[in-house]
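Enquirer: Here's a structure for you.
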Amino acid sequence: MTVVRMLRIRQLLAAGGEPWSILVPPGIPHWEPVLATSHLRPAVIAQPLIQQRCSGVHFESSVTATAGPPAATGANNWESLETDTMDFTAIDFETANSARHSACQLAAVTVRGGQVVDQQCWMIRPRPFYFHPMNIRVHGIEPERVADEPEFCDCWAAISRYLNDRCLIAHNAPFDIGVLTACLRFHELPVPALQFSCTRLIAKHTWSDRPAYGLKPLASWLGISFRHHDALEDSVACAKILLAAADAVGASSMEQLEQKLSLRRGSAGEWGYRGASRSRSRRSVNAWLAQESQRSPRVSDF
């Protein structure tokens, strides 16, 4: 940052300007958290047995609501979660190979009022039709399983109805949102305006003392039993982790959760991609400016 720009920032702050209007590049959409005011009521977020649907076939899920870790760990009992205004859709992709547009399975789990109200899974034939052995070892999806399934472009009309939500949630959202946008661009479909957040990021700032923030270790710690690398079960587990985080910090909505954790929602569209991230408070910006003002100018400043 140049000395001139640093001085300009100080002038704007002194005049009462908002730091975000200075630090966010022009043309990048910015989301401001809104504090929810609705009352809290207990909500049960999981059933012992969940009926799921994938490519028209009904099957029973192994996702169960089990007891969480002891209270001293900071996690909560599933039956007492107070998240009745939590509305979002959790998604998860599995891919056939290293190409981002090679989606072979997608699931979407809709949560309203802190409860799973709908869920859908699509098996997708990737184009080109190639499965890398390593990907098969991870998710267990063989080429024969999707050989007669529709391609992404043929599924999009149905998929888009589930993704048309105020906020999408994924664990490691840069991957899943990246796969979604890559599939849309590869099949020459317009990228809709998306808002999303990441349960990995949320968990990191909710339980800062955890040794790992992968989906499987977090789910195990919270007492969530599921079959990893199945898109539908991963999506349900992702939704439960988010609801547990909301309960842990006393948030009753996505907006309040993001505000309490100082997180900024990610967004994507035809213009590009901006990931979910930790917001800087005005106090932290002022502290940084004070620190900058004390150091000697560097060659890189000019």
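Enquirer: So how do 255-263, 143-151 stack up, highest first, on mean other-Cβ count within 10 Å?
Expert: Ranking the peptides 255-263, 143-151 by packing returns 255-263, 143-151.
Enquirer: List H171, H205 from most exposed to least, where exposure is judged by having the fewest other Cβ atoms within 10 Å.
Expert: Going from least to most buried by this count: H205, H171.
Enquirer: Counting only DSSP beta bridges with both residues in segment 102-257, tell me the antiparallel percent, nearest 5. Provide the component values of the computation, followed by the final result.
Expert: Working: 8 of 11 bridges.
Counting DSSP beta bridges with both partners in segment 102-257, the antiparallel share is about 75 percent.
Enquirer: Using mean Cβ contacts within 10 Å as the protection proxy, how do 187-199, 239-251 order, highest first?
Expert: The densest-packed peptide leads the list: 239-251, 187-199.
Throughout, read-outs are computed from the coordinates displayed, never taken from laboratory work. Fair warning: this is a prediction, and the values are worked out from it, not measured in the lab. In this analysis, Cβ positions are derived from the backbone assuming ideal geometry, glycine residues included, and neighbour counts consider all displayed protein chains.
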